[in-house]
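A quick write-up on the structure given underneath.
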Amino acid sequence: MFVLGIETSCDESAVSVVKDGKEILSNVIYSQTDIHKKYGGVFPELASRAHVDVLIPVIEEAIQKAGSPKIDLIATTRGPGLIGALLIGLNAAKALSIAWDIPFVGVNHIEAHLYASMMNQSVQFPSLGVVLSGGHTFMVLIKSLGVYEMIGQTVDDAMGEAFDKVAKILGLPYPGGPEVEKLAKMGDDSKISFTAGRVKRSELDFSFSGLKTSVLYASKEEHSKADIAASFQKTAINDVIKKISLVKKKFEFSQIFIGGGVSHNQKLRETLKNSFDLPLFFPPPGLSMDNAAMIGGLGYHLYLKNGKDSLDLEAKPRISLVTNS
Ligand code: KG4
Ligand code: ZN
């Protein structure tokens, strides 16, 4: 089954053709970074307008790169994300579904981030899922595809958001995560001792806003920016390791799947791999950051399980992974 995946939840207009949930035939990503750079973050109205401008050409390019197969299903992100941006992709998907007389399904963006690392693996349930993105940071027990138990989440900033804010404090350009990682390579991560936030009575939850404030204070002292970046990055990564170690003591699972933009961070990958003896999976190249292959891939399974969605399906800017509502 050839699935056309569409992703427009934030600042990437992405379209992909995926066969049977895992074979990626094309994965086109039009990044709007240059548009938003001068604002230091995503400007929602400009994101929507850019999606309108580029989505049709990106769809054409993705289909062409895939060898122009007959599309059987359209899968599109319905949330979470920016409402205006989501509506562009959702309405394009509905229009194509009517025009081509094929079904469409709405996909949860964060579930798709998790699916990105599961896509090419034989998954054993239950497994642990860890999503570290710009908008979300949480850990779930994956009981089966689509059935998740939330076991820990951030009470304030997402991990990627913390990287972005630290980048801003250090005067690095947007998007900040990769810039902080680059600068950290030149620094000494033992120079400054930061502590990760602790959430009272909820040891599996994350808190990154205090850490970000500590970075702000450190930036006003006599420290090199590289040392600050390295020390911050180490503290944030070690916090993820600490939380996963705690989860391991409380729950039974045999594999760990990591998803979301921060999973692109090589230091995170390396440190996690060296810290656990369980099989640990990251998204393959091109699938860590926002993309439509993860949407088309997951959409295939959703369609097999639940059938098509109605054309009344609404965009959900704040949809949760656990309840899907
Ligand atoms: O998953 P994603 O593409 O979008 C959301 O759904 O949020 O994640 C984007 C986030 C941004 O906050 C970005 O700074 C962060 O992922 N990120 C990184 C790295 N690459 C992207 N954070 C740390 N190190 C990186 N190399
Ligand atoms: Zn994302």
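Taken together, the values in this text are just the output of simple stated rules run on the coordinates, not laboratory data. Predicted, not measured: the structure shown is a model, and the values here were computed from it. Here the Cβ positions follow ideal geometry from the backbone for every residue, glycine too, while neighbour counts run over all protein chains shown.
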Fill in the blank from the handout: Spelling it out for N120: with amide H atoms placed in the peptide plane at 1.01 Å from N, the residues 5 or more places away or on another chain with amide H under 5 Å from its amide H are none
Problem - Spin-label proximity, T33 to segment 174-214 - amide N less than 17 Å from point 7 Å beyond Cα toward beta carbon - result: 174-185
Handout entry: Part-to-part distance (alpha-carbon centres) for segment 148-181 and segment 30-108, which is given in Å
Key = 25
Handout entry: Peptides 219-225, 98-104 ordered by average Cβ neighbours within 10 Å, highest first
Key = 98-104, 219-225
Practice task
Place a +1 charge on the Cβ of each Lys and Arg in segment 124-281 and a -1 charge on the Cβ of each Asp and Glu, then give the dipole magnitude about the Cα centre in debye, rounded to the nearest 20.
Solution key: 220
Fill in the blank from the handout: Output ordering of 179-191, 7-19 (per-residue mean of other Cβ within 10 Å, highest first) is 7-19, 179-191
Exercise for the section: Beta carbons within 10 angstrom, averaged per residue: use that to sort the peptides 88-94, 54-60, highest first. Expected result: 88-94, 54-60
Completion exercise
The residues I295, I63, sorted from fewest to most surrounding Cβ atoms within 10 Å, come out as I63, I295
Practice task
Work out, step by step, the length gained on full extension between Q124 and S254: first 0.36 nm times the residue separation, then minus their alpha carbon distance; give nm to one decimal.
Solution key: 46.1 nm
Handout entry: Under 11 Å, Cβ to Cβ, from V262 - net charge with Lys/Arg +1 and Asp/Glu -1
Key = -1
Exercise for the section: Could you pull out every one of the aspartates and glutamates with an alpha carbon less than 20 Å from that of K220, ignoring same-chain neighbours closer than 8 positions? Expected result: D164, E179, D188, D189
Practice task
Please work out how much length the chain gains when fully extended from L46 to K242, using 0.36 nm per residue of separation minus the C-alpha to C-alpha distance, in nm with one decimal.
Solution key: 66.7 nm
Problem - Residues D101 and D312, FRET efficiency given R0 of 22 Å [Cβ-Cβ distance, rounded to 0.05] - result: 0.80
Practice task
Would you kindly state how much longer the chain becomes between I83 and T213 on full extension, computed as 0.36 nm times their sequence separation minus their alpha carbon distance, in nm to one decimal?
Solution key: 43.8 nm
Handout entry: About the Cα centre, charge dipole magnitude for the chain (Lys/Arg +1, Asp/Glu -1 at Cβ), debye
Key = 720
Exercise for the section: Between beta-carbons, use under 15 Å as the cut-off and find the net charge around V17, counting Lys and Arg +1, Asp and Glu -1. Expected result: -2
Completion exercise
Other residues with Cβ under 12 Å from the Cβ of G177 give, with Lys and Arg +1 and Asp and Glu -1, a net charge of 0
Exercise for the section: Per DSSP H run of n ≥ 4, the term is -39500 (n - 2.57); total these for the chain, divide by its residue number, and report the mean residue ellipticity at 222 nm rounded to 500 deg cm²/dmol. Expected result: -13500 deg cm²/dmol
Fill in the blank from the handout: Most exposed first, judged by fewest Cβ atoms within 10 angstrom, L216, L128 run L216, L128
Exercise for the section: At a Cα cut-off below 16 Å, give the lysines reachable from K94, other chains included and same-chain residues fewer than 8 away excluded. Expected result: K308, K316
Completion exercise
Any helix of the chain counts here only if DSSP assigns it H throughout, its Cα atoms span 24 Å or more along the axis, and its mean Kyte-Doolittle hydropathy is at least -1.0, and such helices are 44-65, 83-100, 225-250
Practice task
Would you work out which of L87, L183, N27 lies farthest towards the positive end of the dipole of the chain? Charges go on Cβ: Lys and Arg +1, Asp and Glu -1.
Solution key: L183
